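Below is one structure, written out as structure tokens, with a few remarks after it.
Laboratory data are not the source of any read-out in this text; all were calculated from the coordinates shown. Everything numeric in this text was worked out from a predicted model, so none of it was measured. Methodologically, a virtual Cβ is constructed for each residue, glycine included, from the backbone with ideal geometry; neighbour enumeration extends over all protein chains shown.
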Amino acid sequence: MSVYKSIMQGLTEAADYQQGKIKARKTKLTIKPVDTFNTNEIKRIREKTGLSQVIFAGSMGVSPKTVEAWENGRNKPEGASRRLLEIVRDDPAFLTRFQA
């Protein structure tokens, strides 16, 4: 379906819904809570990738000092970094897909 047809279909459905001609489709999502990681888990995740702290940090979008602080327990990953650590834990090759 072309972009134009998709947009037109969406607009038609929105107008039909507004006029009471159709019921809204609903999708229920449950978002899994973000895991927390201790120093050993973070180091183990990084080691499974086969990356140094510097390369791992660049792939995660943080500084090498940040990864060092995580692994030494001086700091803890927060927010998106925790979610990304979950992804990398479950798929250690994930970060290598983005290397040039």
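Which count do you get for residues in the range 33-47 that are part of a loop (DSSP other than H, G, I, E, B) and either in contact (Cβ under 8 Å) with a residue 40 or more places away in the chain or closer than 17 Å to D91 by Cα (or both)?
Just the residues of the range 33-47 that are part of a loop (DSSP other than H, G, I, E, B), to begin with: 33-38.
Now restrict to residues that are either in contact (Cβ under 8 Å) with a residue 40 or more places away in the chain or closer than 17 Å to D91 by Cα (or both): 34-37.
Matching residues across the range 33-47 total 4.
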Enumeration of residues in the range 29-46 that are exposed (fewer than 12 other Cβ atoms within 10 Å of the Cβ) and over 13 Å from R82 (Cα atoms): L29, T30, I31, N40
Test for K23: is it loosely packed, with under 11 Cβ neighbours inside 10 Å, out of contact with any Leu (no Cβ under 7 Å at 6 or more places or on another chain) and either free of Cβ contacts under 8 Å to residues at least 12 places away in the same chain or part of a helix (DSSP H, G or I) (or both): yes
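Go through the residues of the range 38-61 one by one and say whether even a single one is under 28 Å from F98 (Cα atoms) and of a type in the set (D, E).
Among the residues of the range 38-61, at least one is under 28 Å from F98 (Cα atoms) and of a type in the set (D, E), which makes the answer yes.
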